[in-house]
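Participant: Below you will find the structure I want to go over with you.
Just so you know, all these numbers are worked out from the coordinates, no wet-lab data involved. Note that the coordinates shown come from a computational prediction; the quantities given were computed from them, not determined experimentally. Counting neighbours? That spans all protein chains shown, and the Cβs are built from the backbone with ideal geometry, glycine included.
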Amino acid sequence: MKIVCFMYPGFTALDLVGPVTAWGAMPDVAFEFVASAKGDVLTDSGLTLRATHDFTDFSTAPDVLLVPGGALPTFEALQDDALLDAIARAGEGAAWVTSVCTGALLLGAAGLLRGYRSASHWTARHYLDQFGAIPDAARVVIDRNRASGGGVTAGIDFGLSMIRHWRGEETSKLIELVLEYAPEPPNACGRPELADAATLAQARALTGPMMPAELVRAAARRRGFVAG
């Protein structure tokens, strides 16, 4: 199985590392990590990951395309037509087109989600319709050959769900156990409907400036989703 993963400066590392860790436990999996240039890519946490391919030499017919998300750097990446065009090329030939968190917005801007349901981070999900996608609040969404995870940690659930889809329940169960994936969130408030009003208000105030609507609108206009 060939899996092409896109990277760009400032993306959220866990969006990529979560599913890659799960998928890497399957046999016969090969990853290509793609960025504008080969070499180090600095993530939002300060963790540096290495791109093995650039926009000229990645596989354009992979089994899986994966695009991670993030906060402001992802919204800035919506303005990067070279990145979006490369994602579009990979997606056109991919058997599966997938994302985690706000990576769905990049898939959308690349023209790969028209008419498809998609998950995203709860703070950005409503932007998906600007790219012709159908926002879905589920933690993992599979619509035909499009699959997506919600925000950040949902990438692990997404990764294991896709293993179940590709390789069956027994393989998914085995990897879930080997990874000791049995989350016990200490505050049990990791979704808006579970959070108290004060925490939810603080979260909205914190994330709002990191996810500017004007950058989404600019990308939608430039990529031909709305009239200029």
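Participant: State all residues of the stretch 172-228 that are surrounded by 11 or more Cβ atoms within 10 Å (Cβ to Cβ) and either of a type in the set (Asp, Glu) or over 29 Å from Leu112 (Cβ atoms) (or both); if no residue qualifies, say none.
Facilitator: Once the filter is applied, which keeps residues that are surrounded by 11 or more Cβ atoms within 10 Å (Cβ to Cβ) and either of a type in the set (Asp, Glu) or over 29 Å from Leu112 (Cβ atoms) (or both), the stretch 172-228 yields Lys173, Leu174, Glu176, Cys189, Leu194, Ala195, Thr199, Leu200, Ala201, Gln202, Leu206.
Participant: Among residues belonging to the stretch 45-70 that are touching a Leu at 6+ places or on another chain (Cβ under 9 Å) and not aliphatic (A, V, I, L, M), point out the one that is nearest to Phe6 (Cα to Cα).
Facilitator: That would be Pro68.
Here's the yes/no breakdown for (1) within 30 Å of Leu206 (Cα to Cα); (2) surrounded by 17 or more Cβ atoms within 10 Å (Cβ to Cβ); (3) of a type outside the set (Ser, Thr, Tyr):
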site: Val41; (1), (2), (3): yes, yes, yes
site: Thr48; (1), (2), (3): yes, no, no
site: Leu84; (1), (2), (3): yes, yes, yes
site: Ile87; (1), (2), (3): yes, yes, yes
site: Trp96; (1), (2), (3): no, yes, yes
site: Cys101; (1), (2), (3): yes, yes, yes
site: Ala109; (1), (2), (3): yes, yes, yes
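Participant: Sticking with this structure for a sec: Could you tell me whether Ala71 is surrounded by 24 or more Cβ atoms within 10 Å (Cβ to Cβ), under 15 Å from the mean Cα position of the chain (by Cα) and not hydroxyl-bearing (Ser, Thr, Tyr)?
Facilitator: Considered against the rule, which asks whether it is surrounded by 24 or more Cβ atoms within 10 Å (Cβ to Cβ), under 15 Å from the mean Cα position of the chain (by Cα) and not hydroxyl-bearing (Ser, Thr, Tyr), Ala71 comes out as no.
Participant: Also, I was wondering about something else. Just one of Ala133, Ala147 is of a type outside the set (D, E, K, R), touching a residue at least 40 places away in the same chain (Cβ under 8 Å) and either crowded, with 23+ Cβ neighbours inside 10 Å or over 20 Å from Leu16 (Cα atoms) (or both); which is it?
Facilitator: The unique qualifying residue is Ala147.
Participant: Same structure, new question: Output the helices (runs of 4 or more DSSP H) that fall wholly within the stretch 118-228 and possess 2 or more residues being within 26 Å of Val97 (Cβ to Cβ), among the hydrophobic types (A, V, I, L, M, F, W, C) and in contact with a strand residue (DSSP E or B) (Cβ under 7 Å, 6 or more places away or on another chain), or say none. Break it down into steps so the answer makes sense when it comes.
Facilitator: Numbers: elements: 154-167, 169-178, 197-207, 213-222.
Filter on the stretch 118-228 gives 154-167.
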